C-alpha cells in the first residue's frame, strides 16, 4: 500500500455549519483529503460518479432521502466504504445493516461528547474504513438455515465473543443461528456508551436468544447473551458452581474499554477447557492474547477468516499468534460454535 496516497473523502450533510466543521476538522489530518461535500444524497450521487472517493461520511437524517435509504440504493451500483454520523439513535444500527462500515456519534455534551473527541473519533474511523473490505450487498431473501440442537451433555459452559469494526453485523449473523438452549454467551463489541444498550435490545428482538446489556453481578445462563457496556470492562468470575460477570470502569486496554482481551483473559482463568472463544472482524490486536490464553487453558477457539471480515485485523493477529484452533467464514461460525460445544 502506498503510504503517501491520501484518503479521498466525500462529506454528505445538509447542514452547512456542520459540513464546514467536518471539513475543517478532518482536514487537519495530513492523510485525508476532502475532495467534495454534498448537501443531499442526489448531490452526493453525482459527485461519487465524478470523483470516485475512497470513503464517504454521511449523515443519517437528510432531506429528499435519509442516509439509510441512500446507502441501500447506492451500494449495489457503487460499492463504497461509508462511515455514518448520527445523533444518539438506533438508526445507526439500521445504517450498519444497510452496509455502512462504522458510525460516529455526533457531539453531545449531555453524554460528555465534545467536538474534539468527535473529530478525533471520526478521523480514526475514516482511516479504518479506508483499509476495510468494501461491503457486499446483502440479498436479504435467503431462507434461515436450520438450527442444530445442542448436545445437553456437552462440557462447554460458556461462549465468549469479541469484535470491533464490522462486528455489529457479524455478531447478529452469528447469534441469529444459535439455538435458545445454547450455553451462556458474553460479548465485547467495541461500541460507544448508550449504543451498546441499543445494540443489545436490537439483538434481543431479532435473534432466538435473550440478549441484554450486562450489569455488574449478572449471572450467566443458558440462552442468555450479555453485552459489555460501551464504556466498561467486563470479566467473568466463578461463584461456587455458577458464573457471574463483573462490570467496572477502568483504563483502556489495547486502546479500548471494554476490551476483548480483558474478557478473554478472565474466561481463560475461570473457565479454561469448559469455554469456547470466538474472535470476529476488527482492526488491531485486541483479543488476540486473551484468545491465546483461552486456548492454552484448553478452550476451543474460533477465528473469522479474511474473506468474510470487514477488517481482518483482530482475527489475523490471533491466527498468526497461534490462538485460533479453527478458522471459518462468518456463515460457518454458528455451526463451528455448536460443533465445539
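The values are calculated or read from the model by the stated rules, or taken from the named source; none is laboratory data. For clarity, every value in this text was computed on a predicted model and none was experimentally measured. FYI the Cβ positions are ideal-geometry reconstructions off the backbone, even for glycines, and counts take in every protein chain you see.
Brief remarks follow.
- Contact map, region 106-135: first residue modelled with pLDDT of 90 or more, second residue assigned to a helix (DSSP H, G or I) and surrounded by fewer than 19 Cβ atoms within 10 Å (Cβ to Cβ), Cβ cut-off under 6 Å, separation 6 or more or different chains; pairs are 119/25.
- When residue 140 is tested against (1) at positive phi; (2) modelled with pLDDT of 65 or more, only condition (2) is not met.
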